[in-house]
Amino acid sequence: MLILVPLLIAFIPGMVVLTLTWWLRKRGFSPFIIKLPGTVSMMAAFILFYIGYVQIRGFEGAAYGILSFFLILFAFLSFMIGKKVRV
């Protein structure tokens, strides 16, 4: 439960970030705008980790840390989607 619940909680905003990044890339926005959802997700993950580690502590703080880890993974995937690969 300690790993599954943060994964499922991170799944919803992660899918929103990935879908938004894909949509922005498809519409042809600038690279700054395309990478913005991933950047915001990364900042939110670091803030959640800080809150879980410094202020909450314990098992609930560990759940916040695991949640931030999964959000960082989704942000990394967002950066990969936003990266333009030329053939």
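Just so you know, all these numbers are worked out from the coordinates, no wet-lab data involved. Since the structure is predicted, the reported quantities are computational estimates derived from the model, not experimental observations. Here Cβ is always computed from backbone atoms with ideal geometry, including for glycine, and neighbour counts include all displayed protein chains.
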remark   = Note: Thr19 to Lys83 extended length (0.36 nm per residue) minus current alpha-carbon separation gives 21.6 nm
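How large is the helix-only mean residue ellipticity at 222 nm for the chain, computed as the sum of -39500 (n - 2.57) over DSSP H runs with n ≥ 4, divided by its residue count, in deg cm²/dmol to the nearest 500?
Working: 3 runs with 69 residues, N = 87.
The per-residue figure over the chain is -28000 deg cm²/dmol.
Need one number: convex hull volume per residue for the chain, Cα atoms only, in Å³. Can you show the working numbers first?
Values: hull volume 6.7 nm³, N = 87.
Looking at the chain, the number lands at 77 Å³ per residue.
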request  = Using θ = phi - 60° and the Karplus relation 6.51 cos²θ - 1.76 cosθ + 1.60, list the HN-Hα couplings for segment 28-34 in order, rounded to whole Hz, with x at every Gly or Pro.
outcome  = x, 6, 5, x, 5, 5, 5
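Counting only C-alpha contacts under 8 Å and six or more residues apart, can you give the relative contact order of the chain as a whole percent?
Working: 90 pairs, mean separation 36.7, N = 87.
About 42 percent, as a whole number.
Run the numbers for Met1 and Phe59: contour at 0.36 nm per residue of separation, minus the present Cα-Cα distance, in nm.
On the way: separation 58, 0.36 × 58 = 20.88 nm, distance 1.13 nm.
This chain segment gains 19.7 nm when fully extended.
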key: Size of electric dipole in the chain: Cβ of Lys, Arg +1 and of Asp, Glu -1, about Cα centre, debye, nearest 20   = 580
query = Can you run phi through the Karplus equation (6.51, -1.76, 1.60; θ = phi - 60°) for segment 7-16 and list ³J(HN,Hα) in whole Hz, with x for Gly and Pro?
reply = 5, 5, 5, 6, 5, 5, x, x, 5, 5
